[in-house]
Amino acid sequence: MILIVFKYLTPRGFRGLTLFPFVFMADKDDKLNVVFINHEKIHIRQQLELLVLPFYIWYFLEFLVRWFQYKDKYKAYKNISFEREAYANEKDLNYLKQRSFCRFLKFL
């Protein structure tokens, strides 16, 4: 995981964006935020499990389905299975040590 502070690649209203193997963040202080870093590490693991490119395709398609479902972009984003897993476990710093393969499927 390579941390890069570059607010212009981070979508407005978001703190970070993970594009394997990079994590782009808007605020340099987030480099020291263990919860933020753990959230992004969960995304790195998800991307590796799906061999990177299929992750992005799935993420985008699930976002479209959720947007249609909720009629709200932010609510759609928060309900993507990858995000639900990351938000639910970002405070558990040992999560990745015990996480089972493709655990995000539990959050569909």
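A short reminder: the numbers here are calculations on the coordinates, not readings from a lab. Not measured: the values here are computed from a predicted model. For neighbour counting, all protein chains shown are included, and Cβ atoms are generated from backbone atoms with ideal geometry for every residue, glycine included.
Extension gain for Lys106-Asp72 works out to 10.0 nm (0.36 nm per residue, less the C-alpha to C-alpha distance). Summarising the label geometry, the points placed 7 Å from Cα in the beta-carbon direction at Asp27 and Lys7 lie 1.1 nm from one another. Excluding residues fewer than 8 places away in the same chain, name every one of the lysines whose C-alpha is closer than 25 Å to that of Lys106. The qualifying lysines are Lys41, Lys71, Lys73, Lys75, Lys78, Lys91, Lys97. The distance linking segment 18-49 with segment 60-103 is 14 Å (Cα centroid to Cα centroid, whole angstrom).
Averaging the sequence gap over all C-alpha pairs within less than 8 Å and six or more residues apart, then dividing by the number of residues, gives the chain a relative contact order of 21 percent.
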